[in-house]
Amino acid sequence: MNKIITALALALACIASHATAAPRTYGSCMRACAEVGPSTAKNEQFAHRMATLNDEKSKETDPQKLAQLKEREASIIEKHEDDTEKLCRHICEGLPQQ
């Protein structure tokens, strides 16, 4: 249910921000969607995860654990980017490629 609401909110934001030049192709829709980005709730969740991780990194002195934390950081960033792309693909899926 949250995914549907998030998708609708992102779609509405995308439409509102580009009302005069609505994306007519898949590529332009993906670019517009990426500019708008995920919902505020998703961004706050991502920011909270990153802040928690940075706090852990600042307290850690063991090089091996620091390396694990850096890997976890890369994983969190990659998941956030993948989720955003997946949502944008879902929103833009019906548009023609050219």
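Side notes on the structure shown:
- His90, His80, ranked by accessible area, largest first (probe 1.4 Å): His90, His80
- Shown is the FRET efficiency for Gln98 and Thr40, computed with R0 = 41 Å from the Cβ-Cβ distance and rounded to the nearest 0.05: 0.80.
- Under 18 Å from the Cα of Lys86 - lysines, other chains or at least 8 residues apart: Lys3, Lys42
- Gyration tensor over alpha-carbon atoms, the stretch 40-92, equivalent ellipsoid semi-axes in Å: 27, 12, 4
- If R0 equals 30 Å, the separation of the Cβ atoms of His48 and Thr25 corresponds to a calculated FRET efficiency of about 0.25.
- Within the accessible surface of the stretch 40-92, defined with a 1.4 Å probe on protein heavy atoms only, the carbon and sulfur portion equals 49 percent.
- Using the Cβ-Cβ distance between Glu81 and Thr61 with R0 set to 25 Å, the FRET efficiency from 1/(1 + (r/R0)^6) comes to roughly 0.25.
- Per residue, the solvent-accessible area of the stretch 40-92 (1.4 Å probe, heavy atoms of protein chains only, all protein chains present) comes to 74 Å².
The values are calculated or read from the model by the stated rules, or taken from the named source; none is laboratory data. Since this is a predicted model, take the numbers as computed values, not measurements. Glycine also receives a Cβ, built like all others from the backbone with ideal geometry; neighbour counts cover every protein chain displayed. Quick note on the areas: whole protein, heavy atoms, side chains included, nothing else; ligands and nucleic acids left out. Shrake-Rupley method; radii C 1.70, N 1.55, O 1.52, S 1.80 Å.
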